[in-house]
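Nothing in this text is a laboratory measurement; each read-out follows from the coordinates by a stated rule. Not measured: the values here are computed from a predicted model. Here the Cβ is made from the backbone with ideal geometry for all residues, glycine too, and neighbour counts use every protein chain on show.
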Amino acid sequence: MRLRLLILLTRIALKMTSVVTTSAPAACWACSVALDASPLLCAACGKVQPAAEIDYFRAFGLPRRLTLDLAALEREFHRLSRRLHPDRFARATAEEQQWSLAATALLNDAYRTLRDPIQRTEYLLKLEGFEIGEEFAGKNKSAKRQPPADLLEEVFELNMQLEEMRMNRKMGESDPALHSELTAVSLRFESELAKLDSGLAEKGAAWDASSAAGDDAARAAAAKDMAAQLDRRRYLRNLVRDVNEALTTDKES
C-alpha cells in the first residue's frame, strides 16, 4: 500500500516538476557503460538511471513489435521490479530515490499495457501518430468517429428494440421474444469481436514483418487497417455493453 501511494504521488510529481529528462541517456551516469538493455537500470553497476521520457517498449529494452513473448515479458518485469524497488535505494541519494520511484511507476504502467494485446496495439498506434482510444470517440468528436457504415441499419433497429424494452419495463410488462432477439444480437456481436481480435493479431504480425523488412508502405497499410479494426471493435464492445445491461435489467425487473 505504501509503495502504491508513493508511485501515485510520483506520477503526479513527474507532471509538475523537471525530474524527467527529455531523453534517455546512452550511457550510465555512474560507470559510463552503454545502456544496451533497459535504460531504467545499468546492467553493469546496478545504478538506477535518471527518469526520462521513454516509451513502454524501451523500458523493457524491446523493439516496437506487436508480437511479444509474454512469458519473457513477465520475467523481465519481475526482474526489473526487484532491481528498481525503492527499498533497494533507501540509503542512496535523494535524487536516486526519486529516480527509483519514477522508474517503478513507468515499469508498472508499461507492463500493464504491453501484456494486453489490445492495449499494446492501441499504444503502439498512438506512438505511430494515430488517434486511438475513447478520448477520440466522445460525443464532442462524433464527426471523427462515425458508426461503421455496414452497421447503421442494424444499430438503428437495435436502438428501437432497446427503447421498446425500456418502455415494457416502465409498464411492468415482459416480452420473452424481444429478450431472445437481443440475446442473439449480443452473441452475434461477441462473435464478431472475437473475429476482430483474431484479425488484429494477423495485422500485428504483418506490421512486425513489414517493419523488419523496411517496407514502409506495407507497414503504413497494416497500421491503418489496425486503427480501423480498433474503432470497429470499440463500437461493437459498447453495443454489447448496452445490450447486456438492458438484458440484465430486464431479467431483474
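Evaluated with a Cβ-only charge set (Lys, Arg +1; Asp, Glu -1), the chain carries a dipole of roughly 1320 debye about its Cα centre, given to the nearest 20. Here percent of Cα pairs over 28 Å apart was calculated from the structure, and among (i) 37; (ii) 51; (iii) 40 it sits at label (ii). Take the chain and mark each of the trypsin sites (Lys or Arg not before Pro) that is in a DSSP loop with at most 12 other Cβ atoms within 10 Å; the longest unmarked stretch, sites excluded, is 145-253. I'd like the FRET efficiency for Arg237 and Asn108, computed as 1/(1 + (r/R0)^6) with the beta carbon distance as r and R0 of 30 Å, rounded to 0.05. For Arg237 and Asn108, the calculated efficiency is 0.75. By the beta-carbon count within 10 Å of each Cβ, the least crowded to most crowded order of Thr93, Thr183, Thr104, Thr121, fewest first, is Thr93, Thr183, Thr104, Thr121. With contributions of -39500 (n - 2.57) from each DSSP H run of at least four residues, the per-residue ellipticity at 222 nm computed over the chain stands at -22000 deg cm²/dmol.
Amide hydrogen proximity for Ala52: with H placed 1.01 Å from N in the peptide plane, the residues at 5 or more positions away or on another chain lying under 5 Å are Thr21.
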